[in-house]
Amino acid sequence: MTTTAATFQPTTSRVEDIELYADALDPRQAAALYHTHGCFVVRGLMKPYLAEIQRDIEAAAQQAIALLDQAVKVPEGWVTPDGTLFLPAPPNFPRDKQIMVLAFNYTTSAAFFRSAFDSRLLDIVEAILGPNIELFINGQCLYKEPVGGHPKNLHQDSAYFEHRYEGPVACLSYVVDTDLVNGALHVVPGSHRLGTLPHIDTFSHLGLDPQDWPWESTLPIIGEAGDAIFFHVRTIHGSQENRSSRPRPVFIHRYRAAEDYVVIGATTVANRQEAEKRIAEARKENQKGLMVRGFRTYNPMRG
């Protein structure tokens, strides 16, 4: 029987219980919160990088919009030549397509890449994963445009990239002050202990059935620009639409232990089912990320 919000008891219903501050940070305390709740927030952690990252994100957004007439249809939506993913826009929007995943990553923004090596951030990740850590994926920016910017339905990241071992630690940072109006991140503390739950196809790709996991079952994290939210690959999370008049971007770093790797990668129910048939084919040798801490030793079994 699948666990639902009605049968699950979160480990906390208060943000204060998972809240830390960058100027008084204890990585061991952060790791304890992570293991207990599957999520926590560090207030102000990414503030040193904000000005440059905000500049680069807005440049990337304007570039993507200028390229929209060259967008190509893909199963997930439409992709412009720079790699930005668009979804259908709501009826009251001036365009028929709206940005979802912006082409803002480690290959386009030096400021974003530098922020991935922040020593305080990596101290936390090392306390969680151990000394040998690599980057997973190329960084990500989810960009909610004004006036109805797309929701990201409740989901677990493991539905998209299930790993052989612990899986990646995600660090999502607010680029602007973020609240219930413009799309704060919602989490379900303790849900990382449930394993990967069945997902369905939704407007925002794989998601949990909203009848099983309504927004009322979650804990929203309201925060300021520069606040960083860490969460487990199986922690249930998502964000509602941006109902404000300004964009609401976030940027995400993901880290995993150097020996870990994806065994199932998917964006829809159908391609996940196909990927599940090929788990035995998954290998580490073609999934090596850039090392940010420690050293990768040679393993003849994995390359």
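FYI, it's all coordinate maths here, none of it is from the lab. Here the structure is a predicted model, which is why all the values come from computation and not from measurement. Every residue, glycine among them, receives a Cβ derived from its backbone with ideal geometry; neighbour counts consider all protein chains shown.
Table for the structure above
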{"read-out": "Protection proxy ranking of 155-164, 198-207 - average other beta-carbon atoms within 10 Å, highest first", "value": "155-164, 198-207"}
{"read-out": "Max mean-square fluctuation residue, GNM over the chain, Cα-Cα springs under 10 Å, options V250, V269, V42", "value": "V269"}
{"read-out": "The chain: calculated mean residue ellipticity at 222 nm from DSSP helix runs of at least 4, using -39500 (n - 2.57)", "value": "-5000 deg cm²/dmol"}
{"read-out": "Ratio Rg/Rh [Cα only; Rh per Kirkwood] for segment 1-107", "value": "1.12"}
{"read-out": "Those aspartates and glutamates that a straight Cα-Cα span of less than 14 Å connects to K97, excepting residues fewer than 8 apart in one chain", "value": "D69, E76, E145"}
{"read-out": "Segment 105-158: translational diffusion in µm²/s, Stokes-Einstein, Kirkwood Rh over Cα pairs, 37 °C, 0.692 mPa s", "value": "239"}
{"read-out": "Among A116, A22, P249 the positive-end extreme of the charge dipole of the chain (Cβ point charges)", "value": "A116"}
{"read-out": "In Å, descending, principal axis extents of the Cα set of segment 83-201", "value": "49, 37, 27"}
{"read-out": "Shape call, segment 226-303: gyration tensor on alpha carbons, a/c limit 1.5", "value": "oblate"}
{"read-out": "Cα gyration tensor category, rounded, prolate or oblate, for segment 172-303 with a/c compared to 1.5", "value": "oblate"}
{"read-out": "Simple Cβ-charge dipole of the chain, Lys/Arg +1 and Asp/Glu -1, about Cα centre, in debye nearest 20", "value": "540"}
{"read-out": "Overall form of the chain per C-alpha gyration tensor (a/c, 1.5; a/b vs b/c)", "value": "rounded"}
{"read-out": "For segment 90-181, size of Cβ-based charge dipole, Lys and Arg +1, Asp and Glu -1, in debye", "value": "320"}
